[in-house]
Amino acid sequence: MNKVLDKNLKLNNGLTIPQVGLGTYKLTDESETLNSIKAALENGYRHIDTATIYNNHKVVARALKESNVKREEVFITSKIWNTHHAYDLAKQAIDEILEELELDYIDLLLIHWPTEKRLECWKALEEAVEQGKVKSIGVSNFQAHHLKELLEVCKIKPVINQFELHPALQNLEVVNECKQNDIVVESWGTMIRGKCFEIDQIQQLAKKYNKSAAQICLRWAFQLDYVIIPKSSKPSRVVENIQIEDFELTQEDMQLLSTIEEYRDGPSPDNFDF
């Protein structure tokens, strides 16, 4: 068994999350998505990350049914899309996600972006935990001020914050806010959506360790105890993405990566209050 896939991080509610999962963003072709998820499960992945807006819940459900892995062994994350953050719509969205995934419960459900209805959505998520529909709840793309606002009013603390995080966007203000409040950090865009192959500092380390630029980025996040969810439509890449257990970046390597010019690939959450 790959030791990277064996590692779980403890959440502030006492449950755990596999540190490495399979991301499914932009995996919409049914056959490709199915093969990717099945390859992941066959090779030891036990964490699948999806979202309503990805439009692949039903394919995730099919992959789970067609695999030999028991439901309770797989950690499923999904997210409520921005148009359903009002309280009643959020409650409806939770039931729809459960129906599409064909599950009795979701391991982790997130608010996808910090819209103006985010606190209403959080109330619906808290009730879903109380009803047993969801095991853990968290947020995605929240900045430090969004977290502070939520922590002042929530009954149930978010267990995780998933946001753009990679060697070119180290986002220390948000990372530190999470750590101070016992909130697990989860990275999306860890491989900078392919731009890692164009960055000199990453290429230097790839040559040093005889690894790909993508593997250098994933190892960086893994060493910092961030949850990572690399995605690929190719089963061979799904396997390659977890081959990061046989080397370790030094402090000098980490310092080199901190010198990369800041680059944000996705939209700024600070401009997302709508």
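The values are calculated or read from the model by the stated rules, or taken from the named source; none is laboratory data. Just so we're clear, the structure is a prediction, and the values are computed from it rather than from any experiment. With ideal geometry, Cβ positions are generated from the backbone for all residues, glycine too; neighbour counts draw on all protein chains shown. SASA here: full protein model, heavy atoms, side chains in, ligands and nucleic acids out. Shrake-Rupley method; radii C 1.70, N 1.55, O 1.52, S 1.80 Å.
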- Note on the structure: One can check that the equivalent ellipsoid of the range 128-214, built from the alpha-carbon gyration tensor with semi-axes equal to the square roots of five times its eigenvalues, has lengths in Å, largest first, of 33, 14, 10
- Item | Net +/- balance of residues flanking Asp225 in space, Cβ distance below 14 Å, scoring K and R +1, D and E -1 | +1
- Rounded to the nearest 0.05, what FRET efficiency do Gln131 and Lys3 have when you use their Cβ-Cβ distance and R0 = 41 Å? 0.65
- Query: Simple spin-label model, 7 Å along Cα-to-Cβ: Asp182 to Arg264 in nm?
  - Reply: 3.1
- Note on the structure: Sorted by chain and then number, the residues having a modelled amide H within less than 5 Å of the amide H of Thr16, at least 5 places away or on another chain, are Leu11
- Message: Quick check: convex hull over the Cα atoms of the chain, volume per residue in Å³, rounded to an integer?
- Response: 118
- Item | Cut-off under 5 Å, modelled amide H: who pairs with Lys79 long-range | Ala51, Thr52, Leu110
- Query: Ignoring ligands and nucleic acids, what accessible area does Thr52 show with a 1.4 Å probe (Å², nearest 10)?
  - Reply: 60
- Accessible area in square angstrom per residue, the range 126-212, 1.4 angstrom probe: 43
- Item | Where trypsin sites (Lys or Arg not before Pro) fall in DSSP loop in the range 148-201, at most 14 other Cβ within 10 Å | Lys155
- For Glu248 and Val69, FRET efficiency with R0 = 41 Å and r from the beta-carbon atoms, rounded to 0.05? 0.90
- Query: So for Tyr54, Tyr25, Tyr209, what's the accessible-area order with a 1.4 Å probe, most first?
  - Reply: Tyr25, Tyr209, Tyr54
- Task: Report, please, the projected area of the range 168-249 averaged over directions, based on the convex hull of its C-alpha atoms, in nm².
- Result: 5.6
- Item | Charge-dipole axis of the range 195-274 as Lys and Arg at +1 and Asp and Glu at -1 on Cβ define it, positive-most pick from Gln215, Val239, Gln204 | Val239
- Task: Hey, can you grab everything whose amide H is under 5 Å from the amide H of Lys7? Only 5+ residues off in sequence or another chain; H modelled, so Pro and N-termini drop out.
- Result: Gln19
- Return the sequence-ordered ³J(HN,Hα) values of the range 190-195 in whole Hz as given by the Karplus equation 6.51 cos²θ - 1.76 cosθ + 1.60 applied to θ = phi - 60°, using x for Gly and Pro. 4, 9, 6, 6, x, 6
- Please work out, to two decimal places, the log10 of the ratio I(q)/I(0) at q = 0.11, 0.20 Å⁻¹ from a Debye calculation in which every Cα of the range 25-177 carries one identical scatterer. -0.43, -1.25
- Task: Provide, for q = 0.16, 0.20 Å⁻¹, the log10 of I(q)/I(0) from a solvent-free Debye sum over equal Cα point scatterers in the range 130-274.
- Result: -0.89, -1.23
- Message: Quick check on the range 84-166: what are the equivalent-ellipsoid semi-axes from the Cα gyration tensor, as sqrt(5λ), descending, whole Å?
- Response: 20, 14, 12
- Query: Which whole-Hz ³J(HN,Hα) couplings does the range 94-111 yield from phi under the Karplus relation 6.51 cos²θ - 1.76 cosθ + 1.60, θ = phi - 60°, glycine and proline marked x?
  - Reply: 4, 5, 5, 5, 4, 5, 5, 7, 6, 10, 7, 8, 10, 5, 8, 10, 10, 7
- For the range 140-149, what does the Karplus curve 6.51 cos²θ - 1.76 cosθ + 1.60, with θ = phi - 60°, yield as ³J(HN,Hα) per residue in whole Hz, taken in order and with x for Gly and Pro? 9, 6, 7, 8, 4, 5, 5, 5, 4, 4
- Message: What's the longest uninterrupted piece of the chain once you rule out the GluC sites (Glu not before Pro) that are loop residues per DSSP with at most 10 other Cβ within 10 Å?
- Response: 1-260
- Query: Dipole of the chain, Cα-centred, from +1 at each Lys and Arg C-beta and -1 at each Asp and Glu C-beta, to the nearest 20 debye?
  - Reply: 520
- Taking N as the number of residues in the range 1-95, what value does Rg over Cα atoms divided by 2.2 N^0.38 Å take? 1.15
- Task: Quick one: compute the contact order of the chain, relative version, from alpha carbon pairs under 8 angstrom and 6+ residues apart, as a percent.
- Result: 20
